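Asks: Let me begin by handing over the structure; questions about it come next.
The values are calculated or read from the model by the stated rules, or taken from the named source; none is laboratory data. None of these values were measured; they are calculated from a predicted model. Don't worry about glycine lacking a Cβ; one is built from the backbone with ideal geometry, like all the others, and counts go over all protein chains shown. For accessibility, only protein heavy atoms count, side chains too; no ligands or nucleic acids. Shrake-Rupley method; radii C 1.70, N 1.55, O 1.52, S 1.80 Å.
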Amino acid sequence: WSDELDYWRNLFTWDAVGLRTGYNGLLEEFARVGTLGAHGFTAVMLYGWFVKLFGLSYHTIVICNAVWVSLGAAAYCALIRPRPARAALLALCLMLYAPAVLYCASSMTEMFNYALMLFYLAFLGAYWRGRSPWMLLLACLTVTVGCLYRITYFLLFIPVILCYARMKPGLRMAVAALVAAGVINTPEYWLANYDTFPSLDLLLQALGGAVK
C-alpha cells in the first residue's frame, strides 16, 4: 500500500531533520508546516520513539507493531487476569482474524489499532471491576490518543460514559457526555477560527503539503 511508503518516509524525514520545515509532501510537494506527509503526525506519534531507540529500517514499523500488540496483551492479562482458556481463545481469535493475518507483515497501522483496543478493554474492564479513577483516566487517554489519528475512535467514549454512569441515565451520564464531547470538539472549534485550518483533518493534510 502507498500508506506504508508514506509512513516510512515520514519517519525517515523526522529522524533526519526533526520537526523543522522539510521536504516530504504528497505528490512531491513541499510541506507548508513541518516535515510530515499527508497522514500528519500519525507515524511519528506511534513509531517515533522506536526509531529513536533502535534506528530506522524497512522492518521498523512491523516490529514496533508487534511490540505494541504485546504490550496491549500484557496490560490486558495483568489487569483483567482472564482464565487460561479465555486468554488462549482471545489469542487464537487474533491469530485467525483475517485482517490481522493480512496486516501483521505490513507497515500499516492496523496492528496498532488492535493493540489500542487491548489497552482500552484492559483499562475500561479494570475500572468496571474496581472503580479506580486511574483506570478511568487511562481509558479516556487511550481513546484520546486514538482520536488524534483516527477521529472515529470518539465512539469509544460511549462505553466509558456508560461505565462511569453505572449504566443509569441521569446527571452523572450527562456530565460525562459533555466532558467527552469537549475533548473531541474543543480542538476542532479552536482550529475552525483559522481560515487556513478549518478542521483537524485539513491541518494534518496541510502539514504534509497535501492541501494547496
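Asks: Might you let me know whether the range 25-46 holds any residue that is open to solvent by less than 70 Å² (accessible area, probe 1.4 Å), at pLDDT 80 or above and small (Gly, Ala, Ser)?
Replies: Checking the range 25-46: at least one residue is open to solvent by less than 70 Å² (accessible area, probe 1.4 Å), at pLDDT 80 or above and small (Gly, Ala, Ser).
Asks: How many residues are hydroxyl-bearing (Ser, Thr, Tyr) and assigned to a helix (DSSP H, G or I) when one looks only at the range 47-89? Quick ask: steps written out before the conclusion?
Replies: Of the residues in the range 47-89, the ones hydroxyl-bearing (Ser, Thr, Tyr) are 47, 57-58, 60, 70, 76.
With assigned to a helix (DSSP H, G or I) added as a condition, the list becomes 47, 60, 70, 76.
Residues in the range 47-89 being hydroxyl-bearing (Ser, Thr, Tyr) and assigned to a helix (DSSP H, G or I): 4 in total.
Asks: Here is a list: 127, 76, 97. Which entry is under 24 Å from residue 47 (Cα atoms), crowded, with 19+ Cβ neighbours inside 10 Å and over 16 Å from the mean Cα position of the chain (by Cα)?
Replies: Going through 127, 76, 97 in turn, the sole match is 76.
Asks: Here is a further query. Filter the range 130-163 for residues that are closer than 20 Å to residue 79 by Cα and either outside any helix (DSSP H, G or I) or open to solvent by 70 Å² or more (accessible area, probe 1.4 Å) (or both) and give the result.
Replies: The answer is 131, 132, 133, 134, 137, 141.
Asks: How many residues, within the range 101-117, are in contact (Cβ under 8 Å) with a residue 40 or more places away in the chain and open to solvent by less than 40 Å² (accessible area, probe 1.4 Å)?
Replies: The total comes to 8.
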